[in-house]
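The values are calculated or read from the model by the stated rules, or taken from the named source; none is laboratory data. Remember, it's a predicted structure, so these values are computed and weren't measured experimentally. Cβ placement follows ideal geometry from the backbone for every residue including glycine, while neighbour counts extend to all protein chains displayed. The protein model used for the area step is the full one, side chains on, heavy atoms only, and it has no ligands, DNA or RNA in it. Shrake-Rupley method; radii C 1.70, N 1.55, O 1.52, S 1.80 Å.
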Amino acid sequence: LHFLFFLRCALSVSRFSRSVSLSLSSSLTRSCCRSIGPDACISSIFHSRFHGKRCLDIGCNSGKSLTIPIAKRYSPLFLVGIDIDEDCISVGRSFMRTEAKAARAKARLSHSIDEQAPMSEVCRDSENPLQLGEYPFNIGFRCEDFTDDVHPDAEYDTILCSRVTKWIHFTQGDAGIFRLFQRVSRSLARGGVFVLEPQPWQSYRKDRGSALVPLSALRFHPNEFLDYLCGELGFRFVDSVQLDTADQRCFYVLQKPL
């Protein structure tokens, strides 16, 4: 009887451990570890991951909400913002030309704007005399589709993808999300960091009128993204932070294997 009792206990513990193991990564997709204010969140996530790093912001829009503040506040070596909307990229470039002109005037530099363009004009021209790491010369914008255009392998230390996955899902379906994550993995250097803010599935229903792909055709849901990134692509979960705001935005921090 004692033997049967201990056997049942052992089987129960085994089942519990297996259940915890299988549900751990899934639980990460459903909730964030901690909830903090927006400013604290930005500092908590971005400082060590962007300062002095080679960075990319996928789906940056005009850059005014995250890309430009990050470049200004956390001094990345360089930060390239990309978006498929040419108008948004034009707004970002125009703003950075103004910022660059003001910076040169303040420093009483004699260079003209054409002689030392901000990175937004020549973000891939290594021969241009850019002051990498120094705002406003550490930021650039390009109009492109990250899921289709070619990026060199291991080019970036940090890649940010904030509130973009839903729109890729809406236009390219599940295949677009798989391509996005695979290209992020290839574009990151070993040990590089992927900062992901996916939109929750509830927001898909709200904006389904904008979808080119029917919601019924989407099988790869946002609460499965981390399972794929950590399971199939080998990323390591590092942190997750939820903003203490009405929409409860949530950022996940993942690291590519060394």
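Here are some notes:
- Qualifying residue in region 197-204 (condition: part of a loop (DSSP other than H, G, I, E, B) and over 15 Å from residue 59 (Cβ atoms)): yes
- Criterion (out of contact with any helix residue (DSSP H, G or I) (no Cβ under 7 Å at 6 or more places or on another chain) and at pLDDT 95 or above) met by exactly one of 239, 157: 157
- Residue that is touching an Asp or Glu at 6+ places or on another chain (Cβ under 6 Å) and either within 13 Å of residue 165 (Cα to Cα) or surrounded by fewer than 17 Cβ atoms within 10 Å (Cβ to Cβ) (or both), where the choices are 220, 178, 225: 220
- Number of positions in region 180-207 that are more than 23 Å from residue 70 (Cβ to Cβ) and in contact (Cβ under 8 Å) with a residue 12 or more places away in the chain: 6
- In region 234-255, the residues that are under 16 Å from the mean Cα position of the chain (by Cα), open to solvent by 40 Å² or more (accessible area, probe 1.4 Å) and not β-branched (Val, Ile, Thr): 236, 237, 242, 249, 255
- Subset of region 69-111 (residues that are under 18 Å from residue 156 (Cα atoms) and aromatic (Phe, Trp, Tyr)): 74, 78
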